[in-house]
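Chemist: There's a structure below that I have some questions on.
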Amino acid sequence: MDSRRTIWMRVVGGCVLGLAAVWCAVGGAQERVSESIQLPALPADTLPPTELLTSIPLGFERWPEPPADNPLTLEKALLGRRLFFDSILSRDGSLSCASCHLPDHGLASPDPVAIGIGGQRGRRNSPSLYNVAWGKSFFWDGRSMSLEEQALAPIVSPLELGSDLPAVVGKLRRHAAYPQLFAEAFPGEPDPVTEANLAKSLASFERTLVRAGAEVDRFHAAEYEALSPEARQGLWIFESRGFCWQCHAGSNFSDEAFHNTGVGFGRDGRDLGRFEVTGDERHRFQFKTPSLRGVASTAPYMHDGSIRTLEEVVEFYSKGGAPSDPGLDPQLRPLHLSEVEKANLVEYLKALSK
Ligand code: HEC
Ligand code: HEC
């Protein structure tokens, strides 16, 4: 055990040294061109036109319900969309929400852990924002109870957009277009550019980000040929032998609850997850079950971005997560899937994304 820990420490030390070298190289380069500092490119808005739902989407059983004090309107959603892609929310104009929730990456990020203002590394993976309209709590540890409450957190997080709310509201008030857009989104309000309305518009936009009508939904709607034979066997594993459905449950493939699947087991400084929010010993290392809709485009996976591919996720579950973790969720057990079964389960996960 001791020798394993030493090796691990050395590897970590190596990484840090490696990063320091890259950092020095980048820093040096920047010093030479300090007059024209290069900011990272902002992701373009490549999402389809924003629409409000006119019917319950295929695969879901109920409408998402916005809170009573923030009914969904197109004006608010469009304003939220513009803000989401605008670096005005960051301290130095270098990042937008989309920098970590990329439209071309399923509204998640290819970085294992988030990289915020000034290149700072956070500790968790940026999750996809699709179908948050149906979510009950937000963040991997569920510390936020509404999208309105959540929306301002990244703006003020020193590791994310690194700004402060009075400064952002001031910039929005002085902007050429935003005062008019806020007035249209919040009609009748004498002073519409406020922190609360900033949160309401971002939350409204997020409620329009819907992923539904996948091959799996068409199959469940009796369009049987929508699923390949491989994906159909994968579905069977998902719903029976694999016990996946017990946590990835319901229309959005999440029970909205918290579990310890063994991710991060044995690592120094393991993220405490839900325990940080509740202080309840039983919640140590538990994380919110993520939706699996669109999962094919959001690698890497898990709260720490530690699993690179869907094949490796399935391998992880086939071994039963981390069987020696004493706090492991009792629903997990070694599944001993064959190579073909593993491949078919991956096909099913992909069919949830098409
Ligand atoms: C620096 C990267 C970064 C930026 C910028 C960023 N986020 Fe995030 N976002 C994350 C990470 C990482 C998490 C998960 C953090 C956690 O669980 O502790 C997250 C979580 C979320 C969640 C919760 C999703 C869920 O299912 O629980 C929402 C919603 C969200 N972000 C919206 C936004 C909005 C809106 C903005 C802009 C105001 C934004 N994010 C900016 C990295 C980022
Ligand atoms: C005990 C509840 C539980 C069971 C059973 C379960 N999962 Fe999960 N799943 C989770 C939780 C919780 C996470 C997030 C864990 C973390 O990040 O620490 C997760 C993460 C995932 C992810 C990564 C998603 C992402 O966006 O990062 C995939 C893919 C996945 N599970 C597929 C499956 C499959 C396939 C099965 C069945 C073989 C399964 N799960 C069984 C609770 C469960």
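The values are calculated or read from the model by the stated rules, or taken from the named source; none is laboratory data. As the structure is a computational prediction, the values presented were derived from the model and not from experiment. Here the Cβ is made from the backbone with ideal geometry for all residues, glycine too, and neighbour counts use every protein chain on show.
Chemist: Of everything in the stretch 249-281, what is crowded, with 20+ Cβ neighbours inside 10 Å and of a type in the set (K, R)? Give them in sequence order.
Modeler: R274
Chemist: Would it be correct to say that P64 is at pLDDT below 95 and either within 30 Å of P179 (Cα to Cα) or part of a loop (DSSP other than H, G, I, E, B) (or both)?
Modeler: Numbers: at pLDDT below 95: yes; either within 30 Å of P179 (Cα to Cα) or part of a loop (DSSP other than H, G, I, E, B) (or both): yes.
Here the answer is yes, as P64 does meet what is asked.
Condition check ((1) within 23 Å of F138 (Cβ to Cβ); (2) under 17 Å from the mean Cα position of the chain (by Cα); (3) in the same structural domain as L129 (by TED's automatic domain parsing); (4) surrounded by 19 or more Cβ atoms within 10 Å (Cβ to Cβ)) across all residues:
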{"position": "S306", "(1), (2), (3), (4)": "yes, yes, no, no"}
{"position": "L310", "(1), (2), (3), (4)": "no, yes, no, yes"}
{"position": "F316", "(1), (2), (3), (4)": "no, no, no, yes"}
{"position": "V340", "(1), (2), (3), (4)": "no, no, no, no"}
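Chemist: Here is a further query. Hey, among the residues in the stretch 243-288 that are part of a helix (DSSP H, G or I) and within 12 Å of ligand 1 (Cβ to nearest atom), which one's nearest to V132 (Cα to Cα)?
Modeler: Selected residue: V277.
Chemist: Something else now. Would you mind finding the one in K342, K350, K288 that is under 17 Å from F253 (Cα atoms), near ligand 2 (Cβ under 10 Å from one of its atoms) and among the basic types (K, R)?
Modeler: When all the criteria are applied, what remains is K288.
Chemist: Are there any pairs with C-beta distances below 6 angstrom linking a residue in the stretch 121-149 that is of a type in the set (A, V, I, L, M) to a residue that is outside any loop (DSSP other than H, G, I, E, B), with the two at least 6 apart or on different chains, and if so which?
Modeler: L129/E206; V132/E206; L147/A203; L147/E206
Chemist: All but one of (1) farther than 14 Å from I155 by Cβ; (2) crowded, with 18+ Cβ neighbours inside 10 Å hold for D104; state the number of the condition that does not hold.
Modeler: Among (1) farther than 14 Å from I155 by Cβ; (2) crowded, with 18+ Cβ neighbours inside 10 Å, D104 violates only (2).
Chemist: Checking L292 against (1) in a loop (DSSP other than H, G, I, E, B); (2) among the aliphatic types (A, V, I, L, M); (3) crowded, with 19+ Cβ neighbours inside 10 Å; (4) more than 14 Å from ligand 1 (Cβ to nearest atom), which single condition isn't satisfied?
Modeler: Only one criterion in (1) in a loop (DSSP other than H, G, I, E, B); (2) among the aliphatic types (A, V, I, L, M); (3) crowded, with 19+ Cβ neighbours inside 10 Å; (4) more than 14 Å from ligand 1 (Cβ to nearest atom) is unmet by L292, namely (4).
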